Each structure stands twice: as C-alpha cells, then as structure tokens.
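The values are calculated or read from the model by the stated rules, or taken from the named source; none is laboratory data. Only a predicted model underlies this, so the values are computations on that prediction, with no experimental measurement involved. Here the Cβ positions follow ideal geometry from the backbone for every residue, glycine too, while neighbour counts run over all protein chains shown.
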Amino acid sequence: MKYDVVIKNGTIIDPKRKKSTIANIGILNGKIRAITREDMEGNIELDVRGKTVCPGIIDIHAHVEGDLDCARVLAAMGVTTVYNGNCGMSPENIKEFYNKYDSFLINQIEQIGHTTLREQVGVTDRYKSSSDEEVEKMKVILEEAFEFGVSGLSFGLEYVPGSSRKEVLELAKVAAQYGKLVSIHTRSDSYGGLSSLREAIDITRKTGAAVNISHLTYQFGMGMATEALHMIEEALAEGLDISVDSGMYSGFATSIGSAVFDEGCIEKWGCDYSSLIAGTGKYKGKRLTKEIYEELRRNYPDDTVIGMVGEEYEVFEILEKPYVMVSTDAGTLYDAGVPGHPQDAGTYPKFFKTMVREQHRITLIDAIRRCTYMPAKRLGLINKGFIGVGADADILIFDAKIIEDRADYPCFGATDTRPESIEYVFVNGVITVKGKEVLDISAGKTIKDKCLMWNWEQ
Ligand SMILES: [Zn+2]
C-alpha cells in the first residue's frame, strides 16, 4: 500500500484521546488512513522527529469570508478551518458564497448574521429596532439558509444597539428549532456592562438555543473578567448550553465607523484618545487624537482602529478556564494584504508560547484541545479536530519547544509577521504551508451541515 503522504516519527498529540505518542501517519485521498509505528511508503515522506503533530486549528471566531489575504495569514499559523459570519455580519449571498469558495486555501463554515438579515429586509438604521413584519421576513430568510446548510446564526448586538430583545429572541428561536448554534457578540463592552452577558445567557434560557459567547476578553477583559466567568459558570451549572471563545490580546480591533466607537466611547472605557491606535489607513500605527478620531469617523469609517482598553492578566484568567476555546476575531480590514491587528497572525503561537511554555497554566495537550477538538465538537465537525483513522487530514506540525508569535500591534511592529516553528500545515491531506511559505493551493472546502450538532459536554 502506498500513501499520498507519510508523516514519520512525529510526536502525535490527539486531543480527543488526550494522548501523546510517537508514530507514523499515512494519508490517502485527504484522510488519515493509518497510524502505526511500522514503516509505511508514501509518494511524499516527511521525517518530523521531535516535532508536534496535531489536528489543524479550527478558529471558531473569524471573519475570513473568502478573503485570500486573511486566509493566508491564518494558515501560516496553523489554521485549517474557520467559522465565519460572526458579530452579525455574513456574506450577502450565502448560497453563492458556498459555491464560489468550495475550492479555497482553507476550509470555511458560515453563519447568517443578524445585522446582514436586517439589511436584507431594509432595516438600515442601527439605532432602530425591527418591526414585527420585518422580523417575520428575516425569519423566512433564516429558515431558508438553515435548510440550505448554513451552520449558525450570529449577533453583533453592540453594532446594532437598536435591535430589540424581542427580535433577537424570535430569531434565536428559529436557530433552536433547527439545532443551530447562536454566536453572540454582546451588546456592551464597557465597565458595568455585564447585564449584556446576562442578556446573552438569557437567550439560551428562553429559547433553548445553543449559545456561544464571542471573544470574551474583548467584551469583558477590562476589569470584569472574574464576574463574567462567574456568571458563565453559574449558567453552566444550571445546565444551559453555553460555550465561550476568547483570544490572546487585550486590545480589540474594529472599524472606526461602527457603533463601538460612537461618541462617548472614551468615557465608557475610561481611557483617552491615545489608547486608540489606527490599524489601517493613512494614520496606521499612530495613536489617535480627538482630531484624528473625528476625521476618521467622518471620512474613513471602514478603517480599523484598535482599542487598547483591556487588561492583559484577564486574557490569561479567561483562557485558563477549561471551557474556553481560543479564537482570533481575524478579518477586519486588510491594507495591501496586511491585517490591522496582530491577532490574525499571532493568536495561536502566542497561546502555546505564553500559556503552555512560559506560564505553565495549561498543558500542551489541553492547549491543542481548545483550538481543535473543542471547536470541532461545538460545530458538529465529526471528521475534524482529532488525529485518528478516518479523520480529515487537516494537520499542523510545529516545534512546541520554540513556537512563538512575531506579529505585533501596528504602533510597535508588523501585524503580519509569520510565527516561528511552523513546519507544515495540511488542508485535506494537501501541504498548504511549508515553513514560512504559504503555497498557492486550494484544498479547502466550504462545509455545510444538516443539524449535526453534537451534544455538548464539558
Ligand atoms: Zn465581534
């Protein structure tokens, strides 16, 4: 038997079995077909002695939406599958999206965004709530999308402050009927804004929908992490179907024209304008002044601005929790192929380096589990997130002893510098990244589901 690829002598970490072992992997037709210590023959044979071999990373909170620049940056750090359509924003024509990107650098899964739904039924004012009639129209579009195989529904409530609790609950009910995940970017990100986390938790309590709380640090990592985590733990103890994702950075990024940066944001964060850094555009890398803030809001609403308003120790406090998955929030505006925030290029290497190697907060096996097997289970991806016979051959090979992020905030360095120690990334059995080089390959697929959501267990 001759395999397409044989990966030899790697230290295989399988987060499903929570085991680490040295063995060879045989890949054929995009799947893992054999794992053994015996010698195997392949058209390509790689000896990766001393290196870690684990499932490709599944980023449960991204905004790639078919953007190749973004996908390349993510793939370079080991991401093989992204869950898109977050924070209420999804592609305008979802069916077209699935067809257009069925051959792409990495695998993509979509949600329908609530803000996008509002626009589709003509609710363009973000400070206005939708009428009953408009909600009914949104429900029809949503049902059709779920029938088609779209995997979830997302809310970006902070971006549409006018959306009523009623419209949110009505749409979440549809997701619950179809067994689809509801991702929620909460309504508030400011001190004292924990009632918005209560609102998100209440969505699952009132509708029965499975809920994922998006980028927890960006919402509550400004002095509220302990209380937020406590609230989530109470909800989990109550048996509510809730999960959480969070990233490695304390400063979030979004477009300056969004409601997040509405007048009063400086007061709500208790910072001054210099805590805001331009990520893209003519002021890239510069700290804002009141004048620049006003100019960008007026003339360049799509430019990315980073709010350096979080506490770094809360990043760690959140990610230490065994129920938290790691995510990037990647895919804000790109400037000449370069992201406006280092999260796109550095999240996972930074996670392994800081949480495992430097601070010994979690084990390498657990760290890998939070980026692979946990999101796979949450998204119902039964063939992904583990290293076993029959699994899709989405594989990351790296050196755990030296893995390190090199991307930095735009005021300190380049946001897109490739991490150290990534050896190979496979997407569906095809080598897609080799060292620091991202190849011109399209082995990724768009993935639809048919309500295959697994039962969530802690
Ligand atoms: Zn968001």
*Can you tell which of Ile306, Ile277 is touching a Cys at 6+ places or on another chain (Cβ under 7 Å) and either exposed (fewer than 15 other Cβ atoms within 10 Å of the Cβ) or in a strand (DSSP E or B) (or both)?*
Ile277
*Among Lys2, Lys19, which is the only one that is within 28 Å of Lys350 (Cα to Cα) and surrounded by fewer than 16 Cβ atoms within 10 Å (Cβ to Cβ)?*
Lys19
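Please work out if Glu158 is over 23 Å from Ile60 (Cα atoms) and buried (at least 21 other Cβ atoms within 10 Å of the Cβ).
No.
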*When residues of segment 214-228 are filtered for being part of a helix (DSSP H, G or I), out of contact with any strand residue (DSSP E or B) (no Cβ under 8 Å at 6 or more places or on another chain) and farther than 17 Å from Ile203 by Cα, how many remain?*
4
*Does segment 35-47 hold any residues that are in a strand (DSSP E or B) and closer than 9 Å to Val6 by Cβ, and which are they?*
Glu41, Gly42, Asn43, Ile44, Glu45, Leu46
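Please verify whether Gly264 is modelled with pLDDT of 95 or more and more than 16 Å from the ligand (Cβ to nearest atom), treating the condition exactly as stated.
Here the answer is no, as Gly264 does not meet what is asked.
Going residue by residue through segment 100-108, is there one that turns out to be within 16 Å of the ligand (Cβ to nearest atom), part of a loop (DSSP other than H, G, I, E, B) and surrounded by 18 or more Cβ atoms within 10 Å (Cβ to Cβ)?
No, segment 100-108 has no match at all.
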*Per-region count, segment 137-150, residues at pLDDT 95 or above and either part of a loop (DSSP other than H, G, I, E, B) or of a type in the set (A, V, I, L, M) (or both)*: 6
_Tally of residues being within 16 Å of the ligand (Cβ to nearest atom), in contact with a Gly (Cβ under 6 Å, 6 or more places away or on another chain) and among the hydrophobic types (A, V, I, L, M, F, W, C) across segment 132-185_ = 2
*For segment 48-71, how many residues meet the condition of being assigned to a loop (DSSP other than H, G, I, E, B) and either among the acidic types (Asp, Glu) or surrounded by 19 or more Cβ atoms within 10 Å (Cβ to Cβ) (or both)?*
9
